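Student: The structure's right below; bear with me while I get my questions together.
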Amino acid sequence: MTESSATSHVHDEHVAHHFDDAAQQFETGKLGIWTFLLTEVLFFSGLFVVYSTLRNNNPEVFAYAAQFLDTKLGFLNTCVLLLSSFTFALGVRNAMLGQTKALGINLVITFLCAAGFMGIKYQEYSHKYHEGLLWSGSEHSVFKANLDDVHPEIRAHSSVWGDAQKLTPEFRHEIGQFFAIYFCLTGLHGIHVLLGMILIAWLLMRNARGDFGPNNFNAVDFGALYWHLVDLIWIFLFPLLYLIA
Amino acid sequence: MSHSDPHSEGPALGHVLPLKMLVGVLVALLLLTGLTVWTGQMNFHGWDLKIAMVIAGIKATLVCAIFMHLKWDRPLNAIFFLISIVFVAVFLAFTVLDTYENEVNVEALIESKR
């Protein structure tokens, strides 16, 4: 850097001192987030590989187990998450245009959608817990290889208990595997939704403090990229889990 | 700031997406979700999973290109993301191939333990 350019270098208050200008800061941050998203995709891919191996080996188990998943709730959750992605994208637009009030509103809607998603997920999980639709190793599972191991409470209350007794021990064990991968995939995704909610709350707090505007919206933009990835994962989870023919 | 253009409103950085485009993407995503539920109830004789994955792929492309504005970003970001997809494809393909390859051996092993 020549001396003249160094002296003419006026620092914007939003630009950290190790960056030349706001554009460099923005592009660097963006590449950083995309690198993080790359690791996220690989993080989830392990579970997708387990899923495809299990499904390839036992397609009939997946076809049978699919009846226990509620397509309507899965569909509703997909719509809620798509809507939240849309409102976050609107929020980024608001931040770029300096519409901080609209940004606040869109962030609140996104947060509420995320909470709604987790609420519906909670309904699904608690229903599965009460019916014993869990991995075979769980105390509350109805899909024990040995029927004597099934919890008395599940025998008394689960509507699946009658059917489970008619299945072979191997088949019960394999359905348990389906629920293991179901809970791993949706659980890991759910953790990401919860982290996203913390992120949105942090952005809301910063917005209330007046941090964001046309010259400083990087945090909103990068937060939205993370949230869209969470949506992206669910776009694949929905047909893979809820729409098994 | 070198990137600011006195003739255009809006921020010096980034790309502001038109409202209509964002609404259009949301509508397309919701319609495609409806479509995948509908095709999920049909029987396409072994093509069901492939059709569902193609629809999910179209939805994912829409989210990446528009919502995540990869379409207007520097290509390096998209390249990073595509690299992750390539690795996932390799990971999946080789595991599935190996599963098919060893299925006979695994079955024989299970049989021998009975």
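Every read-out reported here was derived from the displayed coordinates using simple, explicitly stated rules and does not represent laboratory data. Small disclaimer: the values here were computed from a predicted structure and weren't measured. Cβ sites come from the backbone with ideal geometry, for glycine too, and all protein chains shown count toward neighbours.
Student: What number, in percent, do you get for the relative contact order of chain B if the mean sequence gap of Cα pairs under 8 Å and at least 6 apart is divided by its residue count? Intermediate values should be presented prior to the final figure.
Tutor: Values: 31 pairs, mean separation 19.9, N = 114.
Here the relative contact order equals 17 percent.
Student: Right, something else. Tell me the Kirkwood hydrodynamic radius of chain A in angstroms, computed as one over the mean inverse distance between distinct C-alpha pairs. Don't jump to the answer; show the numbers that get you there.
Tutor: Working: mean 1/r = 0.0485 Å⁻¹.
By the Kirkwood definition, the hydrodynamic radius is 20.6 Å.
Student: Also: What per residue convex hull volume, in Å³, do the alpha-carbon atoms of chain B yield?
Tutor: Per-residue hull volume (Cα only) is 157 Å³.
Student: Moving on to the next point. Going by how many other beta carbons lie within 10 Å of each one, how would you line up A:Asp231, A:Asp70, fewest first? Could the numbers behind the result be given before it?
Tutor: On the way: A:Asp231 25, A:Asp70 16.
Final ranking by Cβ density, sparse to dense: A:Asp70, A:Asp231.
Student: While we're on this one: Please report A:Ser85, B:Ser84 as a ranked list, fewest other C-beta atoms within 10 angstrom at the top and most at the bottom. Present the calculation step by step, with values, prior to reporting the outcome.
Tutor: Details: A:Ser85 27, B:Ser84 20.
Starting with the residue having the fewest Cβ neighbours, the order is B:Ser84, A:Ser85.
Student: For chain B, what is the mean residue ellipticity at 222 nm derived from helices alone (per DSSP H run of n ≥ 4: -39500 (n - 2.57); sum divided by total residues; nearest 500 deg cm²/dmol)? Could you put the intermediate results ahead of the total?
Tutor: On the way: 3 runs with 77 residues, N = 114.
The helix-only estimate for chain B comes to -24000 deg cm²/dmol at 222 nm.
Student: Okay, next question. Report, as an integer, the average count of C-beta atoms from other chains found within 10 Å of each Cβ along A:40-49. All intermediate terms of the calculation are to be shown ahead of the outcome.
Tutor: On the way: counts 1, 6, 5, 1, 2, 8, 2, 0, 4, 8.
Mean partner-chain Cβ count within 10 Å for A:40-49: 4.
Student: Determine the shape class of the stretch B:74-114: with a ≥ b ≥ c the square roots of the Cα gyration tensor eigenvalues, call it rounded for a/c under 1.5, and otherwise prolate if a/b is greater than b/c, oblate otherwise. Before the final figure, lay out each step's value.
Tutor: On the way: a/c = 10.68, a/b = 5.52, b/c = 1.93.
Cα axes put the stretch B:74-114 in the prolate bin.
Student: Something else: Only loop residues by DSSP count here, and only those with at most 14 other Cβ atoms within 10 Å; note down the trypsin sites (Lys or Arg not before Pro) in the stretch A:148-245 that meet that.
Tutor: Details: sites: A:Arg155, A:Lys166, A:Arg172, A:Arg206, A:Arg209; in loops: A:Arg209.
For trypsin sites (Lys or Arg not before Pro) across the stretch A:148-245 that sit outside H, G, I, E and B with at most 14 neighbouring Cβ atoms in 10 Å, the list reads A:Arg209.
Student: A further question follows. Give me the distance in nm between label points sitting 7 Å out from Cα along the Cα-to-Cβ direction at A:His157 and A:Leu195, one decimal.
Tutor: 3.3 nm
Student: Moving on to the next point. Take every Cα-Cα distance within the stretch A:68-158, group them into 5 Å bins from 0 onward, and report for each bin the whole-number percent of pairs it holds.
Tutor: Histogramming the stretch A:68-158 at 5 Å steps yields 3, 14, 16, 13, 11, 10, 9, 7, 6, 5, 4, 2, 0 percent.
Student: A:Asn58: net charge of surrounding residues, Cβ under 13 Å, Lys/Arg +1, Asp/Glu -1, itself excluded? Spell out each step's value before the answer.
Tutor: Details: positive: A:Arg55, A:Arg172; negative: A:Glu60, A:Glu170, A:Glu174, B:Glu103, B:Glu107.
With Lys, Arg at +1 and Asp, Glu at -1, the net is -3.
Student: Step through the table entries A:Lys30/B:Lys50; A:Lys144/B:Lys50; A:Lys30/B:Lys20; A:Lys121/B:Lys71, compare each Cα-Cα distance with 30 Å, and write down the pairs that go over it. Write out the running numbers ahead of the final one.
Tutor: On the way: A:Lys30/B:Lys50 33 Å; A:Lys144/B:Lys50 32 Å; A:Lys30/B:Lys20 25 Å; A:Lys121/B:Lys71 33 Å.
Checking Cα-Cα distances, A:Lys30/B:Lys50; A:Lys144/B:Lys50; A:Lys121/B:Lys71 exceed 30 Å.
Student: Right, something else. Across peptide B:64-71, what mean number of C-beta atoms from other chains lies inside 10 Å of a residue's C-beta? Mind showing how you got there, number by number?
Tutor: Details: counts 5, 0, 2, 12, 14, 7, 2, 0.
If you average over the peptide's residues, the count of other-chain Cβ atoms is 5.
Student: PRE reach from B:Leu35 (point 7 Å along Cα→Cβ): which of the stretch A:206-245 fall under 16 Å by backbone N?
Tutor: The answer is A:235-236, A:239.
Student: Rounded to the nearest 20 Debye, what is the dipole magnitude of chain A about its Cα centre when Lys and Arg each give +1 and Asp and Glu each give -1 at the C-beta?
Tutor: Values: 13 positive and 21 negative charges, 119 e Å.
Around 560 debye, computed over chain A.
Student: How would B:Arg114, A:Arg55, A:Arg93 line up from fewest to most surrounding beta-carbon atoms within 10 angstrom? Intermediate results must be reported in sequence, preceding the final value.
Tutor: On the way: B:Arg114 4, A:Arg55 18, A:Arg93 24.
Listing B:Arg114, A:Arg55, A:Arg93 from fewest to most nearby Cβ atoms yields B:Arg114, A:Arg55, A:Arg93.
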